[in-house]
Amino acid sequence: MLVSELFKTKKLIKNYTMNSQKYILIVCIALILSSCNTSPEKITNTSDYDTYIELAENKTLQNAMIDNEFWKHKLEKAPNQFPYISKIAATYSHLFAATGKIEYLKKAEEELVKVNEITGYNNPSFLMSLSVNYISQHKFKESLELLTKVELIGDRLSDVQKMLFDVHLELGNNDLAKLYLEKIKNMNDFDYLIRLAKWSDHQGDLDSAIKYLEKARVIAESSNLSSIKQWTYTNLADFYGHSGDIKASYNHFLKALEIDPNDAYAKKGIAWIVYSYEKNPDEALRILNSITTTFFAPDYYLLKAEIFEYKGDIVSKNEQLKLYERAVADTLYGDMYNKYNVFLYTDENKKIDEAIAIAKIEVEHRPTPQSYVLLAWAYYSNGNIDDALNIVNQHIIGHTYEPSALYHSAEIYKEAGETEKANALKKELLESAYELGPLVAEKAVSYTHLTLPTTPYV
């Protein structure tokens, strides 16, 4: 992870009463809205991205493999040059980014552990590299332990403080995250601006998040460093998607692909626009199928399963779920797919007890609102509404603005008889229809007096 507020709805009725005249008015408004719904504005054009999904070769992957062989050869020629080990680790990280294959991420970890052992876990650069690897594996506590050691060493203090912000935010230590953000404050620094944007988004201030990331984009483009430009474009694409500016989101994904035609995340972003906004599941599947020929992250199977369900093709949906389960059975993934597994096990009503156990692990490792959502939903799926409701009230509502968390909270409120609270959340969820996707968005409004639009209100 891996998108939010897109459909702007008008408030339909204020201070509703049940006298006949107002009831007739409500019915008339609902009829008008439903009759006026049209297909959404088409944003995408296959001619914009076909060249990227029809690539005959993956140059990013080829370059990473060449680099890997180069540094391994260098190390063979000079075994005492242990910094080469770090270079080899970096190539494995690049291979993971290019393929999604977990074995490459684990090989990178092995090499980084090796070079840290050689240096007695006392080299800040090697420690931080291993910390980044652990973040990718969702080993946030292990990452924090390494970064704390670097901070005590005192070298590269600004760099480690930036990473400490990242990890504390992931762990739900918001006060500490804010403290480190203040330590690195510099409005002319790319690294600070992207973190300020992330913090703003975390606080529910999307406008500021976009503003700060646009400032970072200017710095990235002036630096002419392809990697940070690509990163900035995909993240801006996500933020613009959150804000409802689908065209800007689409254009930024295209910008990322201009830099790296093999950027799987950017292609996936376009596929989501095609599916969730344009309601074109077949084209979305065409894009995703082109990605999964060379990129093997398990969550792509889940996305394809969702799209097949939207199409009404349950056989194909179940085939994709089987592929996902087979993939994540690999123990190398560790806890990386815990979130997906909880929702899969509960929504498919397969392994409720296992879902509860996994959710508890997530809360223990990362006591964030997003982790508590998993536990609340697992309890809800098991019929334990009281505990689910307590978690929602104590740890979720007022602590996160993430649409999926609000949706699951609304479902729990509904089941607990807290209808007013449920409906209040669902009105907000109308603004997040794009991020939630058509299937969930329809569920979110199915028992309200509101109508889900097929075109965005301006």
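Listing for the model above:
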read-out	value
Pairs with Cβ under 8 Å, 6+ apart, first in region 117-129 and on the phi < 0 side of the Ramachandran plot and of a type in the set (Ser, Thr, Tyr), second at pLDDT 95 or above and in a helix (DSSP H, G or I)	119/126; 125/86; 129/86; 129/89; 129/90; 129/112
Out of 61, 12, sole residue that is modelled with pLDDT under 50 and of a type outside the set (S, T, N, Q)	12
Region 336-351, residues that are farther than 25 Å from residue 285 by Cβ and modelled with pLDDT of 95 or more	338, 342
So residue 174, is it at pLDDT 95 or above, among the polar types (S, T, N, Q) and either out of contact with any strand residue (DSSP E or B) (no Cβ under 7 Å at 6 or more places or on another chain) or exposed (fewer than 15 other Cβ atoms within 10 Å of the Cβ) (or both)	yes
Qualifying position, being among the aliphatic types (A, V, I, L, M) and crowded, with 23+ Cβ neighbours inside 10 Å, among 288, 303	288
Matching residues, region 50-106, being farther than 22 Å from residue 258 by Cβ, β-branched (Val, Ile, Thr) and surrounded by fewer than 18 Cβ atoms within 10 Å (Cβ to Cβ)	66
Qualifying positions in region 355-368 - part of a helix (DSSP H, G or I) and either surrounded by 21 or more Cβ atoms within 10 Å (Cβ to Cβ) or of a type in the set (Val, Ile, Thr) (or both)	355, 356, 358, 359, 361, 362, 363
Qualifying residue in region 164-180 (condition: of a type in the set (D, E, K, R), part of a helix (DSSP H, G or I) and over 20 Å from the mean Cα position of the chain (by Cα))	yes
Residue within region 392-403 that is modelled with pLDDT under 95 and either in contact with a His (Cβ under 6 Å, 6 or more places away or on another chain) or not in a loop (DSSP other than H, G, I, E, B) (or both) present	yes
Any chance residue 375 is crowded, with 16+ Cβ neighbours inside 10 Å, at pLDDT 95 or above, within 26 Å of residue 137 (Cβ to Cβ) and of a type in the set (A, V, I, L, M)	yes
Candidates 29, 66 - the one that is in contact with a Leu (Cβ under 7 Å, 6 or more places away or on another chain) and either β-branched (Val, Ile, Thr) or modelled with pLDDT under 50 (or both)	29
Verdict on residue 362 being over 21 Å from the mean Cα position of the chain (by Cα), more than 30 Å from residue 58 (Cβ to Cβ) and of a type in the set (D, E, K, R)	no
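Every residue, every condition in (1) hydroxyl-bearing (Ser, Thr, Tyr); (2) within 20 Å of residue 296 (Cβ to Cβ), yes or no:
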residue	(1), (2)
62	no, yes
65	no, yes
69	no, no
85	no, no
91	yes, yes
95	no, yes
100	no, yes
103	no, yes
111	no, no
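A quick yes/no check of all residues on (1) surrounded by fewer than 17 Cβ atoms within 10 Å (Cβ to Cβ); (2) in contact with a strand residue (DSSP E or B) (Cβ under 9 Å, 6 or more places away or on another chain); (3) within 16 Å of residue 84 (Cβ to Cβ):
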position: 115; (1), (2), (3): no, no, yes
position: 120; (1), (2), (3): yes, no, no
position: 123; (1), (2), (3): no, no, yes
position: 133; (1), (2), (3): no, no, no
position: 143; (1), (2), (3): no, no, no
position: 146; (1), (2), (3): no, no, no
position: 152; (1), (2), (3): yes, no, no
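The values are calculated or read from the model by the stated rules, or taken from the named source; none is laboratory data. Here the structure is a predicted model, which means the values were calculated and not measured. Because the Cβ atoms are built from the backbone with ideal geometry, glycine has one as well, and the counts that use them run over all protein chains shown.
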